[in-house]
1. If you go through region A:193-233 one residue at a time, how many are within 30 Å of B:Glu107 (Cβ to Cβ) and in a helix (DSSP H, G or I)?
2. What pairs come up if the first residue lies in region A:124-144 and is within 16 Å of A:Val278 (Cα to Cα), the second is charged (D, E, K, R) and outside any helix (DSSP H, G or I), and their beta carbons are under 7 Å apart, counting only those six or more places apart or on different chains?
3. For region A:165-185, check the following and say yes or no: at least one residue is of a type outside the set (D, E, K, R), in the same structural domain as A:Gln106 (by TED's automatic domain parsing), in contact with a helix residue (DSSP H, G or I) (Cβ under 6 Å, 6 or more places away or on another chain) and assigned to a helix (DSSP H, G or I).
4. Looking at region A:1-114, what strands (runs of 3 or more DSSP E) fall wholly within it and have at least 2 residues that are more than 29 Å from A:Ala137 (Cα to Cα) and either out of contact with any Ser or Thr (no Cβ under 8 Å at 6 or more places or on another chain) or away from chain B (no Cβ under 14 Å) (or both)?
5. In the set A:Pro245, A:Pro299, which member is over 22 Å from the mean Cα position of the chain (by Cα) and either over 26 Å from A:Asp368 (Cβ atoms) or of a type in the set (Gly, Ala, Ser) (or both)?
6. Tell me which residues, restricted to region A:355-383, are facing another protein chain (nearest Cβ under 10 Å) and surrounded by fewer than 23 Cβ atoms within 10 Å (Cβ to Cβ).
7. What do you reckon, is B:Thr87 more than 10 Å from every other protein chain (Cβ to nearest Cβ) and closer than 24 Å to A:Gly337 by Cβ?
8. With the structure loaded, tell me whether A:Val266 is within 14 Å of chain B (Cβ to nearest Cβ) and free of Cβ contacts under 8 Å to residues at least 40 places away in the same chain or whether it fails that test.
Amino acid sequence: MAIHLRTLNEVLHSSNKKKTWGTKEYFINMGPQHPSTHGVLRFVLRLEGEVVKEIIPVLGYIHRGIEKIGESVSYRNFVHLTDRCDYLSSIINNWGVSKVVENAMQIETNERIETIRTIFAEIQRLQSHTLWWGVFAMDLGAFTPFLYGFRDREFLTSIVEDTCGSRLTMNYIQPGGVMYDIKPDFSTKIKNYIRYLRPRIDEYEQLVSNNIIIQKRTENVGILSKDDACSYGTTGPVLRASGVPLDLRKDHPYGMYGKVDFSVAVGSVGDCWDRYWVRIEEMRQSLNIIEQLIDNIPPGKHMVMKHTAKIKLPIGYHYDQVETARGILGVFVASDGKDSPYRIHLRSPNFNNLWSITKMAAGLKISDLVAIFSTLDIVMPDVDR
Amino acid sequence: MNKMTASIEKIYNKYQKFIVENVISKKELRINSENLIDFMYFMRNDSDLKYDILCDHTVVDWVNNNSFDLVYNLYSTEYKNYIIISTTIPRNKPIINTVSGIWRIAEWQEREAYDFFGVLYTDHKDLRRLFLEDDWIGFPLRKDYKDNFMLEM
């Protein structure tokens, strides 16, 4: 029985006492305002020269208490808070909450709803990965891909804006359906875009993947073994790059994923390069999925529930998960039978992916830390919630 | 699905005396808090179970029963199934063994639980606040948490 409560100050002072000869060890803050920490993440780095000895992530700079707010709002309102978490896969987050509500209340949706949801989830994954690709290259010192990534994301953003009216925090999926029906010209626009993006992905590969600097900076850097990846709770592209083919879209199909043909990209080494390659391959697979669905969206209603209908979940624990662009988003609800959750908890993919960096980057240089962090693709609001 | 039921039966046979409640249809098991570590080792290492990812760990504050429910979501990458393990500890003495020796990610998930609920984990290497500041008073996700700046509806 040993419980020892500590503070950050104590941690810093206790490791400072270790005296070493030669280069002195020192602490440096990376962030909270740093271009390559993608938001307000603060690393306290214990350095020796420029070799990183230890990484202490300090969180909470954008903590908004979304789980506490969730205890006083209805399930339908809570959907709108989830896209403030991981703002790059907001529609998939909406789906997570909707899925838990629908499964607990046994609401049957129709095929049209599921097809639209699947298409939008893949659009979201695509736009998340194109943005990530640009930001990743910028972190490693190449500026052009950043502009390319944003340019190609812009089309998708405007297509989603046409449908649901917002450009960043997209609320689209609701328990029982989707908010608005798709526009008549939706499928033509998407088809044009697919025709546009396919050659662009090849161009991405020529521009970045074939670049010798990018290759040297990612190959065999930040290796995360299979066992470590599982033990550190990583999911999504990070886990798949380490060689574990865990993809909920394949293993526990929901939406229309069971009826479309796609493959899961799996890496072998688990280094930065594999994580890069897995995401590029996922972009191609997302295009395949959309292409198979876009021509046969079945007719029907876009909402099977009244907007005013009360949502009450049966008493007990409910858990369900979806595959976002970054990994598994789990929604855990403890219900006491009232119309707002007794406790709602988001198992955020970013929170669980983040900690593997303490394992991967120890012993490497600061520039490698930037490369590793960039391939983890962390969105900070989702870590802090 | 058959595999799933078979493995739950195996858990049930071996750990019958610790299991308080068993809801197979919802994939939920409720166990005794004293045997948590043994049970979790069994869940990860048994060749028919192999729950190698701790997906999630969270706490539910049942203030009327004066107890905390600790919830663990496990996932098996080999057999592709997940299970919810829950256990109850008293609210006035919220002490439980850490599972961070089994899954590394538990170290941070437990820090979150300590930060928001004040659950104390024995033998935890680095138990400190995760999101809130070190001098924060109280544990905000507890149901009876009060604060001078809160807006009471």
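The values are calculated or read from the model by the stated rules, or taken from the named source; none is laboratory data. Every value quoted in this text rests on a predicted model; they were computed, and no experiment measured them. So basically every Cβ, Gly included, is an ideal-geometry build from the backbone, and we count neighbours across all protein chains shown.
1. Residues that pass the stated criteria total 8.
2. Pairs found: A:Trp132/A:Asp377.
3. no
4. The qualifying strands (runs of 3 or more DSSP E) are A:25-30.
5. Numbers: A:Pro245 fails: over 22 Å from the mean Cα position of the chain (by Cα).
When all the criteria are applied, what remains is A:Pro299.
6. Listed by number, the residues that qualify are A:Trp355, A:Thr358, A:Lys359.
7. Here the answer is yes, as B:Thr87 does meet what is asked.
8. Considered against the rule, which asks whether it is within 14 Å of chain B (Cβ to nearest Cβ) and free of Cβ contacts under 8 Å to residues at least 40 places away in the same chain, A:Val266 comes out as yes.
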